[in-house]
1. Does residue A:81 qualify as being among the hydrophobic types (A, V, I, L, M, F, W, C), touching a helix residue (DSSP H, G or I) at 6+ places or on another chain (Cβ under 9 Å) and assigned by TED's automatic domain parsing to the domain that holds residue A:321?
2. Can you work out which of the residues in segment A:292-309 that are over 15 Å from residue B:218 (Cα atoms) and of a type outside the set (D, E, K, R) is modelled with the lowest pLDDT?
3. Does segment A:287-297 contain at least one residue that is more than 23 Å from residue A:323 (Cβ to Cβ) and acidic (Asp, Glu)?
4. Can you give me the ranges of the helices (runs of 4 or more DSSP H) entirely in segment B:118-233 with at least 3 residues that are more than 18 Å from residue A:57 (Cα to Cα)?
5. Inside segment B:62-111, can you point out the residues that are hydroxyl-bearing (Ser, Thr, Tyr) and either closer than 16 Å to residue B:205 by Cα or modelled with pLDDT under 95 (or both)?
6. Any idea which residue in segment A:256-306 is surrounded by the fewest Cβ atoms within 10 Å (Cβ to Cβ), counting only those that are assigned to a loop (DSSP other than H, G, I, E, B) and hydrophobic (A, V, I, L, M, F, W, C)?
Amino acid sequence: MMAQTSTVARGGGNSSAPARRRSHRPPRRPSGLPNWAVPYVLLVPGLLVIAILLLYPLYQMVDMSFHKVGLRQIRPNPQPAEFLGMQNYSDVFSSDLFWTSLRNTVVFAVVTVALTLILGTLVGLLLNKLGRKMSTFLVVGIMAAWATPPTATAIIWKWLFDSDAGVVNWALNLLPDGLSTLVFGRSDWSGQPWLNAPSTIYVVLVIAVVWASFPFIAVSVLAGLKSIPSELYEAARVDGSTPAATFRKITFPLLKPVFSVLLVLSIIWDFKVFTQLYVLAGGTTNREAFNLSLWAYTEAFSAPPKMGFGAAIAVILTVIMLVITAVYVRQIVRTEADVR
Amino acid sequence: MNPRSVKWLKASGLNAAAVVVFLFAVFPVYWMVATAFKPNDEIFTTRFIPFPLAPTMDHVSRVLTKGVAGHSIWQYLFNSAVVALGTVLIGAVFALLAATAVSRFRFRFRTSFLILLLIVQMVPAEALLIPLFLMVKRLGLYDQLLGLIIVNVGFTLPFAIWMLRTFVAAVPKELEEAAAIDGAGRFITFWRVLFPLVAPGLVATSIFSFITAWNELVFALTLINDQGTYTMPVALQFFTSQRSTDWGGIMAASTLMTIPVIVFFLLVQRRMVSGLVAGAVKG
């Protein structure tokens, strides 16, 4: 259905539009709208949607974080919420779960962002070096990983890491016993339960998320590499530059803007990972495995709902993300201003 | 060694690396499909069975007839399709107008608007979930696909504008100026000149929104309680009970959910990347 729309629109655009325009030329009506007002009028619908569905809830979230919002406030004929001041926040900071979920959030994001960017960049460089056929073959392959919905991704990896019938335990058992003991401190992996303890849940989560997100990095890096003039590389070769020096002196500086966008996007995506964790941790019961997103969700929506408390956690998560990405956002905006 | 064999070695080393990455990327997806077609005794075994020895349609037909949580998987696929298409159709209009504004005009607050687009994407969905849940409830849209559509429009719009604006900027301004000189009014210029040229980009952006809405779990989980209104990602949670998981069934259902997305992805892959990193690569 989508594809049809595309063909029709494209065909219409290329052939009939200019012809029709000439056949019945509309008289030039002076439009009632002054020029300066046009962009604002175009923006209003989108801005309204963003204001109602994102900004107003954002304000409400902050507001709720200072109130006690529970079952009585969300029923029909709600009672007014009691103002608590900073109570929710001090409860959050004094909760044991805050430190475990903060640690889980940050460690997961740092590890995953680093691994995704490294693997993605390497695969991007590889794609650039490969022959045409091989490169198409690999792009189609990594596209499959990229396209898999997050829910399905988590389910597949849960299955691969299944304690009894999982492929991973089977493969680990194939390793020579000596090597396996040396690296992991054990040789028998039969029945190893990966999805019980928080630490191993996060091992699986990192692998699953890296698997799903490196293709985007790889394809973006490839697009960036294609935009670098080949003369630069020829000059480097003539000057006898080593591949590592070429990467450091030419490729990396020229791709720096691409990397900063990719870094910001990866941080945004990995800091608030929810779906995959929700599936891998089996819902909201494994409290030790919470990250800030899952904790906020659980507090707000499992009985008894503590929505103000959940909102306070969400505010903290949002602030952390804003601070981390602020520098890069500034850089993107600056590039943006140059482009047009 | 002569230079030729060095070159050959290098090429085969690269190709071998490509095959390894390919297998890492494809194997899990392959394994999902393979498991969906295996009989139970080939699924629940510690042996490694690389492909279904006795392929069966049992799991696929079971999820399509008996389904899960009281409804056929068709029902959930249909609900997901309604939500995703609804999100796309509404979102596309808003996105196109706003994208035209930011890439065709210079005006006060333009940069502020772009920063706003970036910042709202940083807010975790789980955070806004709480106020949105209350809003949807008050509007009487709880348990309705329309509520889910509206929320999804909000969440896909900032990114859709961000992506679409580069496609609009790529259309040469001279074409519109020529149309204006020929006497075309603003609306005609937009509809007859700009729109057809932006259409491929609009399709790419729409597919991105479609996929986002199709995959979305957390809103569907919170805003829908009635089992007949579940979307696919929610329905998939019900193959797992306290004690066991119906792996054959969940893999069959996941396969059915994944296929449309992979097809869409292959259609728009190239444009999507250019839209995502646009603004970063100058050119």
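1. Numbers: among the hydrophobic types (A, V, I, L, M, F, W, C): yes; touching a helix residue (DSSP H, G or I) at 6+ places or on another chain (Cβ under 9 Å): yes; assigned by TED's automatic domain parsing to the domain that holds residue A:321: yes.
Criteria met by residue A:81.
2. Filtering first and then ranking leaves A:303.
3. Initially, segment A:287-297 is screened for residues more than 23 Å from residue A:323 (Cβ to Cβ), giving A:287-289.
Okay, now just the ones that are also acidic (Asp, Glu), so A:288.
For segment A:287-297, residues more than 23 Å from residue A:323 (Cβ to Cβ) and acidic (Asp, Glu): present.
4. Correct list: B:145-170, B:173-181, B:195-215.
5. Matches in segment B:62-111: B:65, B:72, B:87, B:100, B:103, B:111.
6. Restricting to residues being assigned to a loop (DSSP other than H, G, I, E, B) and hydrophobic (A, V, I, L, M, F, W, C), the top hit is A:303.
For (1) more than 10 Å from chain A (Cβ to nearest Cβ); (2) surrounded by 23 or more Cβ atoms within 10 Å (Cβ to Cβ); (3) farther than 20 Å from residue A:35 by Cβ, each residue gets a yes or a no:
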position	(1), (2), (3)
B:152	no, yes, yes
B:164	yes, yes, yes
B:169	no, no, no
B:184	no, no, no
B:194	no, no, no
B:197	no, no, yes
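Per-residue answers, yes or no, for (1) within 13 Å of another protein chain (Cβ to nearest Cβ); (2) without any contact (Cβ under 8 Å) to a residue 24 or more places away in the chain:
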residue: B:33; (1), (2): yes, no
residue: B:42; (1), (2): yes, yes
residue: B:55; (1), (2): no, yes
residue: B:96; (1), (2): yes, no
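The values are calculated or read from the model by the stated rules, or taken from the named source; none is laboratory data. The structure presented is a predicted model; accordingly, all values stated were derived computationally and were not measured. Neighbour counts run over all protein chains shown; Cβ positions are idealised from the backbone, glycine included.
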